[in-house]
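For reference, the structure is listed below as structure tokens.
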Amino acid sequence: QVQLVESGGGLVQAGDSLRLSCAASERTFSRNAMGWFRQAPGKEREFVAAISSRNTYYANSVKGRFTISRDGAKMTVYLQMNSLKPEDTAVYYCAARATETYYPGAQFLYWGQGTQVTVSA
């Protein structure tokens, strides 16, 4: 059973930074496309960022502020979040695809339990 475990969430002030981590339980996921999504209260889950074997992808709302990266040896994907805003408040989920490729709208097969990020004004 593949497991994705997120960590690094917390309560910060606007303008602060946080780094989220997502550890995968299987080495195969060091190559698979990975993504971050978020869900704010009363809203649908939305795409934040993704990383494939070749590229990175970002939602317009986080472009220039968030950076997705991976450490294959540690089987971990990171989301560095800078210049946080109150509207970034949400539960952030890590997800993995079954392949190395990603394209906008692609489906993710495995999901973590989420980590709460709260940004105060």
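Things to note:
- K63 open to solvent by 60 Å² or more (accessible area, probe 1.4 Å) and within 25 Å of Q3 (Cβ to Cβ): no
- The range 1-48, residues that are among the hydroxyl-bearing types (S, T, Y) and outside any loop (DSSP other than H, G, I, E, B): S7, S21, T28, S30
- Close contacts from the range 59-79, counting a first residue that is touching a residue at least 12 places away in the same chain (Cβ under 8 Å) and under 12 Å from W36 (Cα atoms) and a second that is basic (K, R) and surrounded by fewer than 16 Cβ atoms within 10 Å (Cβ to Cβ), with Cβ to Cβ under 9 Å and a gap of 6+ residues or different chains, come to Y78/R19; L79/R19.
- From the options S61, S53, S7, residue that is more than 13 Å from the chain's Cα centre (by Cα), of a type in the set (S, T, Y) and over 13 Å from M81 (Cβ atoms): S53
- Residues of the range 66-100 satisfying the condition of being open to solvent by 60 Å² or more (accessible area, probe 1.4 Å), more than 19 Å from A23 (Cα to Cα) and of a type outside the set (D, E, K, R): S83
- Number of residues in the range 111-121 that are in a strand (DSSP E or B) and more than 22 Å from Q1 (Cβ to Cβ) equals 5.
- Cβ-Cβ under 8 Å pairs, at least 6 apart or on other chains, the range 7-22 side over 21 Å from V77 (Cβ atoms), far side of a type in the set (S, T, Y) and not in a loop (DSSP other than H, G, I, E, B): L11/T118; L11/S120; Q13/S120; A14/S120
- Residue check: A40 meets all listed conditions (1) touching a strand residue (DSSP E or B) at 6+ places or on another chain (Cβ under 6 Å); (2) open to solvent by 30 Å² or more (accessible area, probe 1.4 Å); (3) farther than 19 Å from R97 by Cα; (4) not acidic (D, E) but one, namely (2).
The values are calculated or read from the model by the stated rules, or taken from the named source; none is laboratory data. Since the model is a prediction, treat every value here as computed from it, not as a measurement. All Cβ positions, even for glycine, are placed from backbone atoms using ideal geometry, and neighbour counts span all protein chains on display. These area figures cover heavy atoms from the full protein model, side chains too; ligands, DNA and RNA do not enter into them. Shrake-Rupley method; radii C 1.70, N 1.55, O 1.52, S 1.80 Å.
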